[in-house]
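Notes follow the structure.
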Amino acid sequence: MPSPPTPAGPSDASAVPRTGEDRILTVPNAITLVRLACLPLFVWLLLGQGDRAAAGYLLGLLGATDWVDGYIARRWHQVSTVGKILDPVADRLLFFTAVVAIIIDDAAPRWFCIAVLAREALVAGATLVLAALGARRIDVTWYGKAGTFGLMCAFPLFVLGSSDAFWADTAAVAAWFCAVPGLVMSYYAAVTYVPIALRALREGRQGRAHGGAAESR
């Protein structure tokens, strides 16, 4: 008579492949890492080589791939916990690094760049404070995504508008059609995050309190 199967012990847990949102090695996460790796190349093209056209095209490509990795994650069910953290971090680094380089090169209106940096610094600081206080993670709102999309279109167009590209004049005009709505929506999104952040903080603290009470029983 065959012996009953032996239940898997704790040591067997590591042999179970990661599934669902626990996955790390996904196509969207790989795309995000490539975007981060290309940031030094953008800075080198803009400041090291003075090639605004190439830098503008590269920055536009980096912004477009932000939409691509999100689409792949949703379409092929590759949404992951790591990706939910890595993607917004990559967006923040892309903004800060690119905008600072653009300010140094004077390839876009300085006031516009400072306004974008101020908003990004405010959101990043608030995110760190909320995390330290135990708030649950906050998902990006539609206005936040729309504002980010507008800004990601505006900055490459500003750089191309100040380059020797054959369509530089058109790019300079198109940049404003993306910049103004993008900036307005990004600041509006920051305001709407206030009640969402307060609710996330309250729910996060309640979750920890309930968890602590359950452990003490």
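Annotations
- For the stretch 21-212, the alpha-carbon coordinates run over 62, 35, 27 Å along the three principal axes, in decreasing order.
- Sites Asp164 and Ala121 - FRET efficiency at Förster radius 45 Å, r taken between beta-carbons, to 0.05: 0.85
The numbers here are math on the coordinates, done by the rules we state, and not lab data. Because the structure is a prediction, the values reported are computed rather than measured. When we count neighbours, we look across all protein chains shown, and the Cβ atoms used for this are built from the backbone with ideal geometry, even at glycine.
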